[in-house]
Amino acid sequence: MNLHEYQGKEILNSFGVRIQRGIVAHNAKEAVAAAKQLTAETGTGWHVIKAQVHAGGRGKGGGVKLAKNLQEVEEIAGQIIGMNLITPQTSAEGKKVHQVLVAEDVYYPGENEPDEYYMSVLLNRATGRNMIMYSTEGGMDIEAVAEETPHLIFTEEIDPTVGLLPFQARRVAFNLGLSGTAFKEMSKFVMAVYTAYVQSDSSLFEINPVLKTSDDKILAVDAKVTLDENALYRHKDYVEMRDIREENPVEVEAKEVGLNYVDLEGNVGCMVNGAGLAMATMDLIKQAGGEPANFLDVGGTADAKRVEEAFRLILKDDGVKAILINIFGGIVRCDRVAQGVVDAYKNMGDAIKVPIIVRLQGTNADVAKELIDNSGLDVQSAVQFQEAADKVQAVLA
């Protein structure tokens, strides 16, 4: 579950991580009130207005701007709220901005120059360990840094049996070229960020930039946080942070009916049971010259109602030119799935206007094939994986 910047900062701050303070506003008047409150609490004269959407690169799309007075706060907030923000991480249509974060200006003058760093905490799937990835090149696209100057990216892997050790946090600060007060502050910052990552059951913390202020404070200026949905039962307060306005509406609908669905940009709809088989089916479609339009795992109860719900989700995508149903009947019987497909097809009437290929293997697969073949419906059955691929290729030709 993705969070907004202000929500990610709330979690960080609850674990003792110093953050750039800010207040959420839903309209221009609220933004002005927030700016006045921040000035009273922090003494800041300038404010940063940040669009709150689930996408990076907001500054490039005009979603992050500096306001030097209250009039500019009102004008900028009014411009950003309601706009469709287009960034490198959104679709061509962009995302509508419903709220902004009015934040304090932390780039104030002082004895030293402020400096920006990149830092993230995530799972290294190759080693099965958490790791901290960090760089001196904060504020930039980390992908570009990795491609052009990979020697400027450092990683620190954490042994899960002991967790992050103090010497590792100090090594992070050392590799970032810090000394004195800033070195100590960064070491404490790293320890606190990692604690927040683990105890919040997150799958990603990305802070870009981490700022060293002119008086050597270390704080999070941004926060991109992704929570592990499987652990939300331990964090009831985090569940309330979900903003379904930022999510794909079809995926939201799928969750409500208990289906695992991910929207893709292809032309062949997939209806499969089991994540592994779903991935293999998507590969099959690619090999047949098509593109998967979705990932859809109907689970182990592929009855008529569930199949019908799956059909409706897939057909919401106008780009779907064919549907491939690939079910392995282990616990679930293939003949029941086949009857579910037939019943769902009849219930939906003329709503299904694309060819359907059904491959059922496992328990009662022969009975299932007979049911499909004798249904009188425009449904093609297949036995082998390659046969299914050939039929997909034929209907797309």
Residue check, residue 230 under 30 Å from residue 16 (Cα atoms) and not assigned by TED's automatic domain parsing to the domain that holds residue 52: yes
Subset tally (residues that are loosely packed, with under 15 Cβ neighbours inside 10 Å and farther than 17 Å from residue 33 by Cβ) for segment 60-78: 3
Helices (runs of 4 or more DSSP H) completely within segment 1-103 that count 2 or more residues being under 19 Å from the mean Cα position of the chain (by Cα) and closer than 19 Å to residue 226 by Cα: 5-14
Filter result (among the polar types (S, T, N, Q) and more than 22 Å from residue 111 (Cβ to Cβ)) within segment 171-220: 175, 195, 199, 200, 202, 203, 208
Condition check for residue 368: over 37 Å from the mean Cα position of the chain (by Cα) and either assigned to a loop (DSSP other than H, G, I, E, B) or surrounded by 15 or more Cβ atoms within 10 Å (Cβ to Cβ) (or both): yes
Filter result for residue 177 (out of contact with any His (no Cβ under 8 Å at 6 or more places or on another chain) and over 30 Å from residue 88 (Cβ atoms)): no
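Table: residues versus (1) within 19 Å of residue 334 (Cα to Cα); (2) over 15 Å from the mean Cα position of the chain (by Cα); (3) among the charged types (D, E, K, R); (4) not assigned by TED's automatic domain parsing to the domain that holds residue 353.
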position: 256; (1), (2), (3), (4): no, yes, yes, no
position: 261; (1), (2), (3), (4): no, no, no, no
position: 264; (1), (2), (3), (4): no, no, no, no
position: 267; (1), (2), (3), (4): no, yes, no, no
position: 276; (1), (2), (3), (4): yes, yes, no, no
position: 279; (1), (2), (3), (4): no, yes, no, no
position: 282; (1), (2), (3), (4): no, yes, no, no
position: 286; (1), (2), (3), (4): no, yes, yes, no
Residue list for segment 158-170, restricted to those being touching a helix residue (DSSP H, G or I) at 6+ places or on another chain (Cβ under 9 Å) and not in a loop (DSSP other than H, G, I, E, B): 166, 168, 169, 170
Pairs, first more than 22 Å from residue 382 (Cα to Cα) in segment 310-333, second part of a helix (DSSP H, G or I), C-beta under 8 Å, six or more apart: 312/348; 312/351; 313/250; 313/253; 313/254; 316/250; 317/250
Boolean, residue 86 is within 24 Å of residue 251 (Cβ to Cβ), without any contact (Cβ under 8 Å) to a residue 60 or more places away in the chain and among the hydrophobic types (A, V, I, L, M, F, W, C): yes
Selection count, segment 118-138, where residues are out of contact with any Leu (no Cβ under 8 Å at 6 or more places or on another chain), surrounded by 16 or more Cβ atoms within 10 Å (Cβ to Cβ) and part of a loop (DSSP other than H, G, I, E, B): 0
Identity of the residue in segment 329-359, touching a helix residue (DSSP H, G or I) at 6+ places or on another chain (Cβ under 6 Å) and more than 17 Å from residue 308 (Cβ to Cβ), that ends up surrounded by the fewest Cβ atoms within 10 Å (Cβ to Cβ): 355
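Matching residues to (1) closer than 22 Å to residue 194 by Cα; (2) at pLDDT below 95:
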{"position": "100", "(1), (2)": "no, no"}
{"position": "109", "(1), (2)": "no, yes"}
{"position": "122", "(1), (2)": "yes, no"}
{"position": "129", "(1), (2)": "yes, no"}
{"position": "142", "(1), (2)": "yes, yes"}
{"position": "148", "(1), (2)": "no, yes"}
{"position": "161", "(1), (2)": "yes, yes"}
All helices (runs of 4 or more DSSP H) inside segment 185-298 with 1 or more residues being more than 30 Å from residue 117 (Cα to Cα) and touching an Asp or Glu at 6+ places or on another chain (Cβ under 7 Å): 249-256, 275-287
Boolean, residue 318 is in contact with a Leu (Cβ under 7 Å, 6 or more places away or on another chain) and of a type in the set (D, E, K, R): no
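The values are calculated or read from the model by the stated rules, or taken from the named source; none is laboratory data. These figures come from a predicted structure and were not determined experimentally. Methodologically, a virtual Cβ is constructed for each residue, glycine included, from the backbone with ideal geometry; neighbour enumeration extends over all protein chains shown.
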